[in-house]
Amino acid sequence: DVPVVAVVGRPNVGKSTLVNRILGRREAVVEDIPGVTRDRVAYDANWRGRRFTLVDTGGWDPEARGFMARVSAQAELAVAAADVVLYVLDVTVGATDVDEAVVKILRRSGKPVVVAANKADDQRGEADSTALWSLGLGEPQAVSAMHGRGSGDLLDALFEVL
Ligand code: GDP
Ligand code: MG
């Protein structure tokens, strides 16, 4: 069976940009407007010759209301169907209350989680990523989805738990 990786996190942290970086092509829709990816979208990917399914989601906020609550529910379904969760954060923002709430749910899910500390575009961002150890989900993988920095190490970390 091809393992399934769910890419989740708050809106606008760079999930779709990271999905495109991993795919090596621009398929997932990237937008400056939060909540552009509304549903779960699955893509065939591979790393070092191993196939996996990458599922992009629209943004997760357990407190969301209205339209965003439905987007959020899709993220939760994606986690339920996944073998591994790639939890994406924005190092320029850090872990917010919403992140803390999602992490609690992730812990309850029992699924293995790899933390992607995205938007670590430079050394400063990489240094900031260490603050995300506080989530208690292991080593934050500093990555810049936009520039490609750290994406290979992130995928290696992902395959260590797959
Ligand atoms: P999503 O809502 O989590 O899917 O986020 P998107 O992938 O749509 O990206 C949201 C915004 O963050 C866009 O303007 C991206 O260009 C930007 N972005 C994504 N990754 C990076 C990154 O590594 N560095 C920087 N500086 N910006 C990024
Ligand atoms: Mg998106």
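Miscellaneous remarks
- Cα lying deepest toward the dipole's positive end in segment 4-161, options Ala28, Gly59, Ala145, charges on Cβ: Ala28
- FRET efficiency, Val2 to Met146 (Cβ-Cβ, R0 25 Å, nearest 0.05): 0.35
- Electrostatic dipole magnitude of segment 4-161 [Cβ: Lys, Arg +1; Asp, Glu -1; Cα centre; debye, to 20]: 440 debye
- Once both labels are positioned 7 Å from their Cα atoms along Cα-to-Cβ, the gap between Asp83 and Trp133 label points is 3.0 nm.
- Cα→Cβ-extended label distance, 7 Å offset, between Phe159 and Asp122, nm: 3.2 nm
- Each of Ala69 and Arg108 was given a label point 7 Å from its Cα along the Cα-to-Cβ line. The distance between the two points is 1.6 nm.
- Over segment 4-161, relative contact order from alpha-carbon pairs under 8 Å, at least 6 apart, %: 23 percent
- Linear extension gain, Ala101 paired with Asn12, 0.36 nm per residue minus alpha-carbon span: 30.3 nm
No lab work stands behind these numbers, since they all come straight from the coordinates. Just so you know, these numbers come straight off a predicted model, no measurement behind them. No Cβ is skipped: glycine too gets one built from the backbone with ideal geometry, and neighbour counts run over all protein chains shown.
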